[in-house]
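One structure below.
The values are calculated or read from the model by the stated rules, or taken from the named source; none is laboratory data. Given the structure is predicted, the values throughout are model-derived calculations rather than measurements. All Cβ positions, glycine included, derive from the backbone under ideal geometry; neighbour counts span all protein chains shown. To get the accessible areas, we keep the full protein, side chains included, count just its heavy atoms, and leave off ligands, DNA and RNA. Shrake-Rupley method; radii C 1.70, N 1.55, O 1.52, S 1.80 Å.
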Number of protein chains: 4
Amino acid sequence: MLKIGIMGSSGFAGEELIKILLAHPEVKITALAAKIEKTHVSKMYPWANGMLDLDSYDMSAEEVGKITDAVFLALPHKVSMDFTPCLLKQGKKVIDLSADFRIKNQVVLYGLPELYRKDIKDAGLIANPGCYPTSIILGCAPLLKNKIADTDYIICDSKSGVSGAGRTPTQALMFTEIAVNSFRPYKVNFHRHMPEIDQELSSLSGARVEVNFTPHLVPMERGILSTIYLKVAKKINTKEALKMYNDFYKGEYFVRVLEEGVLPDTKNVARSNFCDIGIKAFPERSLVVVMTAIDNLVKGASGQAVQNMNIMYGFEEKLGL
Amino acid sequence: MLKIGIMGSSGFAGEELIKILLAHPEVKITALAAKIEKTHVSKMYPWANGMLDLDSYDMSAEEVGKITDAVFLALPHKVSMDFTPCLLKQGKKVIDLSADFRIKNQVVLYGLPELYRKDIKDAGLIANPGCYPTSIILGCAPLLKNKIADTDYIICDSKSGVSGAGRTPTQALMFTEIAVNSFRPYKVNFHRHMPEIDQELSSLSGARVEVNFTPHLVPMERGILSTIYLKVAKKINTKEALKMYNDFYKGEYFVRVLEEGVLPDTKNVARSNFCDIGIKAFPERSLVVVMTAIDNLVKGASGQAVQNMNIMYGFEEKLGL
Amino acid sequence: MLKIGIMGSSGFAGEELIKILLAHPEVKITALAAKIEKTHVSKMYPWANGMLDLDSYDMSAEEVGKITDAVFLALPHKVSMDFTPCLLKQGKKVIDLSADFRIKNQVVLYGLPELYRKDIKDAGLIANPGCYPTSIILGCAPLLKNKIADTDYIICDSKSGVSGAGRTPTQALMFTEIAVNSFRPYKVNFHRHMPEIDQELSSLSGARVEVNFTPHLVPMERGILSTIYLKVAKKINTKEALKMYNDFYKGEYFVRVLEEGVLPDTKNVARSNFCDIGIKAFPERSLVVVMTAIDNLVKGASGQAVQNMNIMYGFEEKLGL
Amino acid sequence: MLKIGIMGSSGFAGEELIKILLAHPEVKITALAAKIEKTHVSKMYPWANGMLDLDSYDMSAEEVGKITDAVFLALPHKVSMDFTPCLLKQGKKVIDLSADFRIKNQVVLYGLPELYRKDIKDAGLIANPGCYPTSIILGCAPLLKNKIADTDYIICDSKSGVSGAGRTPTQALMFTEIAVNSFRPYKVNFHRHMPEIDQELSSLSGARVEVNFTPHLVPMERGILSTIYLKVAKKINTKEALKMYNDFYKGEYFVRVLEEGVLPDTKNVARSNFCDIGIKAFPERSLVVVMTAIDNLVKGASGQAVQNMNIMYGFEEKLGL
């Protein structure tokens, strides 16, 4: 049994990791760190009552390293940077769910398995992709890799459930503010996920991409749906586009390219690690509309992190997912 | 035009008062006090943009009194007590939505119009009833007044929308905590509304009543439904019970006794000042089940406050409601 | 008092008309037609219990005409066509909320008051705009009228609450299908509102416009938010764009151009006739993102219909709204 | 691998069975029957796309029996009766989720494992308990078995998520009817689950029990919370009551008696087979309030059915749950 530590166990990604890993047959959670007073997991998460007997408290990276084989960092941004070196020095494998290491350097691998599986196998530190980036990169990859899409004017209109905004109580995130017919855009072309998206789309296409990105808040707990508008130089129809996507994602269990006429719905991927992709092409408009759905907390965070762990340790990739 | 001040304009009751009073043809809001930095109402409540041109800020009772004829206090509990004397001294009429004055003394009137209309007319200070108490008192009054119900073992199982918990951000009230299939009881026989309920039911029945009261939190914005179980000495059937209720509430516009077989639904009273009452009697069980529905922010707070104002100023009782 | 008939009283638009008109001081509802067995309005809509004493049943246009001055048609598409001639022959004014007359001919006026107010005054028959079209046309009008936007590649990514899908029970519209983290696109570039949008945008711009339109279903009752991406030839910044919108909508009570940095939220227009417009321009990208929010049942249907009625009868335009 | 058939795969219980059994390591779903035209499971349930390759169609009991070892019947009430004899004759084990066999006869076992585990082991046909009954029987059992509670006047105020109402589309169950602040009682003392509750409580207490049962509909997908009011002859306090419950449910993994001061919340048991029980006793009122929370589709239906299967086949009782 692999001994697992979760640093940042009090946030949504941390909670989702606990949920997923409790059902994983090859691992055992042995450390739960969080910047809180010592609290039993059954008090933090009453759903876990009887399922896990562990306290969560403010542990140092060293302390966590001592009693674990691998560590997930589900920390606020800018904190992972501090903890990672110590864990790596102890020889622990680290999967970081924050954005701290996502902007590429030569050491850290961007952990999107469908694109970088081979390298993940041997990595010691993985930068687990963000939720919006996962939904957009998986949606654009085949068209960009095949140099079909105009890279100048990609429009990504994304919609996220409220858990994407984190767990810190603010008035804007109260039930009474959102459950009253509230749907709204925020941070138009200003979201901190944009550099990560641009980096990966540029890398895929070989051209410098700067997406137009409008995130929106949907009155639901979880899920991201990205509607992506791509201009295409070569006129292609839906069948051709679908073939390209099916070829690109051949053998990928977690990417489901939907058949013609079927569109994704966030509910179909809720609590799962799937990314559903629907395509509609309009040759007469030189337009391809790609719609992707993921669970922001699973394929967009903790599920993908476990997928990475499975690859790193040679488990079946979908084990526990 | 009656000049109106609202002290506590940043809470739910304050917001609802603004909403209601903006549509009231005989009044004009001239003061909005709140313990906040000066903020234009259109910033606090973007829905009010273009409808009211007024700043809200930390005004003293004296200041508010100077520019108003009547003042609604929608303040945190224990604050009204401080502000009221000053307003009364200035000769202003005061309607207090907090619990501060609800436990009876000789000066302050309990502002439940269906029971105390006559006295409200001439009152200078009204203690506006709480939301749970309104739903329970209106539901029990006819049976208690007619000495039909056993006063020893009244069970009030109440369910409230989340706005009943107020506007202060806490983790328990975040969208992500509640919109995930969350329904739960709280403060079983421990809620601060209980003395108020006991006082009024005792007064109605002439006996000492101590209700068994279990409030629950419903994953919806607004509405209270109280299911009240009353043992009855005399066996009565549904028709007889309904007749008693219809007689008792004859001419009351805001109390709708539903016909046999029809049960209340909070959605039917949402954003209105109605109280819907459904009755099912089980003579063979010596049981009457009374179900009442109100909007906790309207008939349970701000609507009832405006109803009181209408009575105090001789306006048509349902004006603006 | 103007005597009003509503044909199609059992749908959402019909219900919303009843709600609005009950609070309108200059009208009286005298006929409620619907393809149902005779039902008292308090049975159809328990919220209206005590507020209106009228039966709804299958009335002919002739019958309705006899007891009304003006008639709202909130009928399924293709039915209005049959009823309208008879009503007009009886000299009744008709406001049709269906799409039947929206595609322009010389006789029927497209009832978007902010664009065609003058002609509405004297019209006998008004084609009340659709919900999506209202949100998009109001959002694009200033840029198109001023010939700033590229008319070739307008992207309208719209999101609607579930009431937009109508009241006929289907499995896809059940609570249990939608309230489970469901957000989804539908009818990509295939919605029946598109000809209406294209017609009006073409008319505004003087060029042939074919929008790219993706509607989505949001798990909320009401509200539409349209995120519109416009390429602009002339680089303009947010301030300049806002000035253009403020100039265009000067004096328009129901259009609220939000100040810089403020974005619309459907909750701010819920149950109101406002259209909120937020703008962000990106000169370096030659892009203007326009975001509009309306209530699909009010400014997108029944509220706008009453606004038209107010204009036709010389009432204050915002009376009852 | 045990070969499993599900008859009634198109309802909520059937869907939940598929979900649970797909994650169960010892079984394989080999037959999905439903009164529909042949449909691939990925079309019925897009979430299952890629997870199970099977068609669902109108299969006879004989046909299902031929290719399975055990069969779950998640059928409309009154249909199980027809299918069961044929399956039993083929030597298949049958777990029936309908109410058809719940009213006791000598042949069929009431499959509430916490009460009847021993007999379940050897049963060929199990009547799986209803959702409301599970929440109430588990909540009352210790007090009734210990003869502490007055059996004359037990009040069960239950609240259920909307999935409890089934999947057939009706107007009352549409999203737009429920997601508008709707909370409502229904079938007061008239629900078809009552005989089952009375039977089991009578059996536990040795006295004839007729509960007062008021079900309510909560605007959420899943979950039942029952608030049960029991008069007690002997005054007991919360600690004593908790001890009694902890003793009674000692070793029961799926029943979690919450510690003093902690109350259940349906969200804590959502998608799990747990039943959470919170207790508050009021000795001065001779009252014990028991609050239980289950997921109506899991412990209240399909999860409990799988728990029964695990017992019948000697698997670990919580396997796959």
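Kindly evaluate C:Ala74 against the criterion of being at negative phi and outside the structural domain of C:Ser203 (by TED's automatic domain parsing). So C:Ala74 fits the description; yes. Would you be able to say whether some residue in region C:95-110 is polar (S, T, N, Q), surrounded by fewer than 20 Cβ atoms within 10 Å (Cβ to Cβ) and in contact with a helix residue (DSSP H, G or I) (Cβ under 6 Å, 6 or more places away or on another chain)? Checked region C:95-110: no residue is polar (S, T, N, Q), surrounded by fewer than 20 Cβ atoms within 10 Å (Cβ to Cβ) and in contact with a helix residue (DSSP H, G or I) (Cβ under 6 Å, 6 or more places away or on another chain). Checking D:Pro195, D:Pro219 one by one, the residue that is open to solvent by 10 Å² or more (accessible area, probe 1.4 Å), of a type outside the set (S, T, N, Q) and modelled with pLDDT of 95 or more is D:Pro219 and no other.
What do you reckon, is C:Gly314 open to solvent by 10 Å² or more (accessible area, probe 1.4 Å) and not hydrophobic (A, V, I, L, M, F, W, C)? The answer is yes for C:Gly314.
Of all residues in region C:100-111, one or more are over 13 Å from the mean Cα position of the chain (by Cα) and among the acidic types (Asp, Glu).
Of everything in region B:198-215 that is of a type in the set (A, V, I, L, M, F, W, C) and open to solvent by 10 Å² or more (accessible area, probe 1.4 Å), the residue that is nearest to the chain's Cα centre (by Cα) is B:Leu204. Listed by first and then second residue, the pairs linking a residue in region B:150-168 that is on the phi < 0 side of the Ramachandran plot to a residue that is part of a strand (DSSP E or B) and hydroxyl-bearing (Ser, Thr, Tyr), with Cβ atoms under 6 Å apart and 6 or more places separating them unless they lie on different chains, are B:Ile155/B:Tyr229; B:Ile155/D:Tyr229; B:Cys156/B:Ser226; B:Asp157/B:Thr214; B:Asp157/B:Thr227; B:Asp157/D:Thr227; B:Ser158/B:Ser226. Name the residue that is farthest from B:Ser160 (Cα to Cα), counting only residues in region A:174-191 that are in contact with a strand residue (DSSP E or B) (Cβ under 7 Å, 6 or more places away or on another chain), more than 7 Å from chain C (Cβ to nearest Cβ) and surrounded by fewer than 22 Cβ atoms within 10 Å (Cβ to Cβ). The extreme case among them is A:His191. I'd like the full set of residues that are over 25 Å from the mean Cα position of the chain (by Cα) and of a type in the set (D, E, K, R), limited to region B:28-44. Of everything in region B:28-44, those that are over 25 Å from the mean Cα position of the chain (by Cα) and of a type in the set (D, E, K, R) turn out to be B:Glu37, B:Lys38, B:Lys43.
The set of residues from region B:250-269 being open to solvent by 10 Å² or more (accessible area, probe 1.4 Å) and hydroxyl-bearing (Ser, Thr, Tyr) comprises just one member, B:Tyr253. Listed by first and then second residue, the pairs with beta-carbon distance under 7 Å, at least 6 apart or on different chains, first residue in region C:302-321 and of a type in the set (Phe, Trp, Tyr), second open to solvent by less than 50 Å² (accessible area, probe 1.4 Å) and outside any loop (DSSP other than H, G, I, E, B), are C:Tyr313/C:Leu2. Within 24 Å of the chain's Cα centre (by Cα), under 26 Å from D:Asn296 (Cα atoms) and either assigned by TED's automatic domain parsing to the domain that holds D:Ala123 or assigned to a loop (DSSP other than H, G, I, E, B) (or both), is that true of D:Thr84? Spelling it out, D:Thr84 is indeed within 24 Å of the chain's Cα centre (by Cα), under 26 Å from D:Asn296 (Cα atoms) and either assigned by TED's automatic domain parsing to the domain that holds D:Ala123 or assigned to a loop (DSSP other than H, G, I, E, B) (or both). Does region C:46-61 hold any residues that are in contact (Cβ under 8 Å) with a residue 40 or more places away in the chain and part of a strand (DSSP E or B), and which are they? Selection gives C:Ser56 alone. When C:Phe101 is tested against (1) in a loop (DSSP other than H, G, I, E, B); (2) touching a residue at least 40 places away in the same chain (Cβ under 8 Å); (3) over 26 Å from C:Val257 (Cα atoms), only condition (2) is not met.
Set side by side, the residues A:Lys19, A:Lys92, A:Lys78 differ, and just one is closer than 30 Å to D:Phe254 by Cβ and of a type in the set (Lys, Arg), which is A:Lys19.
Scanning region B:270-289 for residues that are assigned by TED's automatic domain parsing to the domain that holds B:Val232, crowded, with 24+ Cβ neighbours inside 10 Å and in contact with a Pro (Cβ under 6 Å, 6 or more places away or on another chain) turns up at least one hit. Restricted to region A:121-173, and to residues there that are polar (S, T, N, Q) and within 14 Å of chain C (Cβ to nearest Cβ), the residue that is most open to solvent (accessible area, probe 1.4 Å) is A:Gln171. The residue of region B:58-83 that is surrounded by the most Cβ atoms within 10 Å (Cβ to Cβ), among those that are polar (S, T, N, Q) and at pLDDT 95 or above, is B:Thr68.
Listed by position, the strands (runs of 3 or more DSSP E) inside region C:224-315 whose residues that are within 14 Å of chain A (Cβ to nearest Cβ) number at least 3 are C:224-231, C:275-282, C:287-294.
The number of residues in region A:216-264 that are among the acidic types (Asp, Glu) and under 17 Å from the mean Cα position of the chain (by Cα) comes to 2. If you filter region B:33-45 down to residues that are outside any loop (DSSP other than H, G, I, E, B) and within 22 Å of C:Asp276 (Cβ to Cβ), you find that the one that is most open to solvent (accessible area, probe 1.4 Å) is B:Lys43. Looking only at residues in region B:174-216 that are in contact with a Phe, Trp or Tyr (Cβ under 6 Å, 6 or more places away or on another chain) and among the aliphatic types (A, V, I, L, M), which one is nearest to B:Pro142 (Cα to Cα)? Here the residue is B:Met194. Here C:Lys267, C:Lys235, C:Lys231, C:Lys250 are screened, and the one residue that is free of Cβ contacts under 8 Å to residues at least 40 places away in the same chain and among the basic types (Lys, Arg) is C:Lys250.
Among the residues of region A:62-76, those identified as over 14 Å from A:Lys35 (Cα atoms) and in a loop (DSSP other than H, G, I, E, B) are A:Ile67, A:Thr68, A:Asp69.
The requirement of being away from chain D (no Cβ under 14 Å), crowded, with 18+ Cβ neighbours inside 10 Å and among the aromatic types (Phe, Trp, Tyr) is fulfilled nowhere in region A:46-57; no residue meets it.
When only residues in region B:111-120 that are free of Cβ contacts under 8 Å to residues at least 12 places away in the same chain and more than 26 Å from B:Leu230 (Cβ to Cβ) count, which is least open to solvent (accessible area, probe 1.4 Å)? Step by step, filter region B:111-120, then rank; the result is B:Asp119.
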